[in-house]
Structures are given as structure tokens and as C-alpha cells.
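Please treat every number below as a calculation from the coordinates, not as lab data. Predicted, not measured: the structure shown is a model, and the values here were computed from it. Every residue, glycine among them, receives a Cβ derived from its backbone with ideal geometry; neighbour counts consider all protein chains shown.
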Amino acid sequence: MTLTRAIVIAMIVGALIGFAISEGFFDEETTAALLSTFDVLSQIFLKLIKAIVSPLIFSTLVVGIAGHSNLKQVGRMGVKAIVYFEVVTTLALFIGLAAINLTKAGVGVSKPDAEQTLTKLAPQNPAAIVLHVFPDNIAKSVAEGQVLQVVVFSLFFGMGLAMTADKHKQKLLPVIEAFAEVMFKFTKIVMYYAPVAVGAAIAFTVGKMGTDVLKNLALLVLTLYGAIFVFVLFVLVPAALLFRINIRRFVAAASEPASVAFATSASEAALPLAMERMEEFGVPRSVVSFVIPTGYSFNLDGSTLYLALASIFVAQAANVDMPLSAQLVMMLTLMLTSKGVAGVPRAVLVILLGTCAQFGLPEWPVAILLGVDAIMDMPRTALNVTGNCLASAVVARWEGVLNDNPEATAA
């Protein structure tokens, strides 16, 4: 049985168990015990993945850069990746903006009697965003899961190692390369546990929230799913065709990491698997180790699309008249603030609350969004991972290094 099939079966079983819990098939004590157990089973997986992410990014990125004999090629690859990221995420923002203005899902939402209080955030400013990119303590960055800071540190470390004399470089580079191989094997072991974690995560979500969670905000959920479908059909598919990416093979390669991301709502949970599958697809490790981790900060297609949709939903629900010009200013702001969104569940809500504070919008509609955020988080996270997988293939093709027949090469 393939990992994808096992994950799909686990999702179905988890959903059925969650439905039984939410419908009161068990007594209160048993329900509490089951929810607690499922939560622990899913959290174990997320903790193990978080333990893998920073070492894997560091080792693969350093080897990818220091192993290049031409640093100009690395710089060129970086420029191409950033150009692609900006074009695609900008399109995602405007598709989200168009979708919410078309359906007006937030119009008519009633303010709850008991207003939920959420932590207020200081408005983000460009200077703070830029400074946040650079680590002042790499151990702290690793501990806090600041992926972008780890990427920046790894880039500078890799460039420094590449510029070092061969007698020193050849002592350290093989050690880091061996460390990268160990981390990939570590990932493979952890992934055997993925179906259990995925099933437990689905069971916990459905059991905790119930199947009625879609009723109040069904239109908003459908708007998001529809916008994601439009984005895939009119942005990702044309990008794949433009760069001559074999769509059938790509779907087969990206399905497993996308499934993990969908079930766990955590981009980080799928990062190691995404890197492994794209390398098997034919993208060189030097490209995979650079583009995918960088994309986790600059190319979150699903998160940026959702932010555009959710921010206008908040304005509609609060009955705030926001003309198109003001909406465009908000989109420009989101183009900056959406960079560096952590690849963990609900992290995008931090950016949404910051945007509300910056534009003087109330917080109570965001509290309403929390009710269905788990259901909306799954597809946007899967889109984040799929978009980054495609980005690695696009950059590899752009660089002329994509292997269209990796099986033959391996043989």
C-alpha cells in the first residue's frame, strides 16, 4: 500500500470516528478520552516534523550552495525563484479579492451577543518585516520555528563555506552532506507514522467541532474552495504548461505531501516529504533545497489567497464600506505582511488580525472565522505545498536542469 493510499484511508476512518464522537455515540468520559488521545497522536507527528525542519533546511541548503562551483548560478536561481513567487502570489491575492467581492459572503453576518476577545496585535510595518527576516540568534530562530530566518542563516553559511579554501571546505562539506542524508532517512521513518497522525487529526477536528460547523459560514467556505479551484486551473496549470512540466507525473509526485498538508493543516509537516518527492520527480537537490524552503516564506499561494478573501470578509461583516481603492491598498499591504507566515496551523490568523488593526477593522468577525478556520485551513495549506512543489520544478526547468526521466537515470 502506498503512503498516499494509507493517508486517504486514514482520513476516511478518522472522519467516521470523528462523526461518531460529534453525534454522541459515546458517553462524555469516553469522548473526552478519545479526543485527548487523538490530539496527542497528531501532536506527536507535528513535534517530530518540527524537529526535522530546521536541520533539514540547514543541511540541504548549505550543501546545495557550497556544492556549487559557481555562486553566480545560485544568485541567478534565487532571482528567478523570487520573480516567480511574486507573480504567482500576487495573482492569488487578486483572485481571492475578486471571489469575495463576487459572493459577498460577509454581508449580513450578525455580531455575536457574547463577543470573543482576541489578542490585539500591533500593526506591522515594512521596517519590522525586513528586520524580522534576519536572525540575531540562530538557536532562538530554530527553537521558535522561524523558517525564513533559518533559510537566511543557511544561505550566508553556505556562501561562506563555498568561499572557503578547499582544504577547509572539504573537511566540513562531506560532514554536512552526510548529515543531510541522515535527516532524509529520519524523515522516511517519521513518515511511516503519517497515516496514524492524519487519521487522528481528522478524528479530533470533526469530533471537536462537529459536522454542523459549515452551516453558518457555508458560503465563505465555498468561496474559498472555488477561488482555490480557479487559481489552480488558471494559474498553476498554465504555469506548468508554460514550463513544460508533465502534469500527470507532477500530480503523482505532489499528492502525498499535499495530502499530509491537507490533513494536518501544517505546511511544515509536509516539507520533508515534498522535498523528497520533488527530487524523485527529477528536480536536482540543489534546486529543491533552495526553492522549497524559500517558498515556505515567499510563495504561500493558499495563505495569501485566503488573507485577501478573509480581510474583505471582515470588512463586509462589520458593515464597513471599503471602496476598491482601499481594497487595493490592503492587498499591497498583504503582499508584504504575508511573507514569512509560519507553516503551522492558524498562523495566518496572526497576519489577519494585524491587517485588521492596521486598517481599523473590528476583531469580532475574525472570532467568527475561527469556527470554520480548520476547514478552510486544510485546502489553503495543501495549496501552499503544491505551489511550492511546482515552483521547484519551474525553476529547475528555467535553469535547464530538470530531469524529465529520473527513472532511466537511476537505472
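Spacing of the modelled spin labels on Gln358 and Lys72, each 7 Å from Cα toward Cβ, amounts to 3.8 nm. For the range 270-280, in order, what is each residue's ³J(HN,Hα) by Karplus, 6.51 cos²θ - 1.76 cosθ + 1.60 with θ = phi - 60°, in whole Hz (x at glycine and Pro)? Those phi angles translate into 9, 4, x, 5, 4, 5, 5, 5, 6, 5, 5 Hz. Which residues in the range 220-257 have a backbone N closer than 15 Å to a point placed 7 Å from the Cα of Asp404 along the Cα-to-Cβ line? Once the point is set 7 Å along Cα→Cβ of Asp404, 240-250 turn out to lie under 15 Å by backbone N, inside the range 220-257.
Please report the net charge: other residues with Cβ closer than 12 Å to the Cβ of Gly387, K and R +1, D and E -1. Neighbour charge sum, excluding Gly387 itself: 0. What are the ³J(HN,Hα) couplings of the range 245-251, residue after residue, when phi is run through the Karplus curve with 6.51, -1.76, 1.60 and θ = phi - 60°? Round to Hz, x for glycine and proline. Each residue's phi maps through the Karplus curve to give 8, 5, 5, 4, 5, 5, 4 Hz. Legend: ranking of residues Phe231, Phe250, Phe25, Phe243 from fewest to most surrounding C-beta atoms inside 10 Å; resulting order Phe25, Phe243, Phe250, Phe231. Taking amide H as placed 1.01 Å from N in the peptide plane, Leu402 has its amide H under 5 Å from the amide H of Arg397, each at least 5 places away in sequence or on another chain. With each pseudo-label sitting 7 Å past Cα toward Cβ, what's the Val83-Val232 distance in nm, one decimal? That separation, rounded to one decimal, is 2.8 nm. Explain nothing, just the number: relative contact order of the range 182-287, from Cα pairs under 8 Å at least 6 residues apart, as a whole percent. This gives 32 percent for the range 182-287. If a paramagnetic tag sat 7 Å from the Cα of Phe186 along the Cα-Cβ line, which residues of the range 23-66 would have the backbone N under 16 Å from that point? From the range 23-66, the list is 45-63.
For the pair Arg5 and Asn319, a Förster radius of 56 Å applied to the C-beta separation gives a FRET efficiency near 0.70, rounded to the nearest 0.05.
Of the residues Val287, Val152, Val13, Val366, the one with the fewest other Cβ atoms within 10 Å heads the list, and the complete ranking is Val13, Val152, Val366, Val287. In a fully extended conformation the segment linking Arg249 and Ser36 would gain 72.8 nm over its present Cα-Cα distance, using 0.36 nm per residue. What is the extension gain from Ala165 to Phe25, computed as 0.36 nm multiplied by their sequence separation minus the C-alpha to C-alpha distance, in nm to one decimal? Extra length from Ala165 to Phe25 when fully extended: 43.6 nm. Couplings 3J(HN,Hα) of the range 26-37, computed from phi: 10, 6, 4, 5, 5, 4, 4, 5, 5, 4, 4, 5 Hz, in residue order, whole Hz [Karplus 6.51 cos²θ - 1.76 cosθ + 1.60, θ = phi - 60°; x for Gly and Pro]. With each label modelled as a point 7 angstrom along the Cα→C-beta vector, the Leu332-Tyr225 pair spans 3.6 nm.
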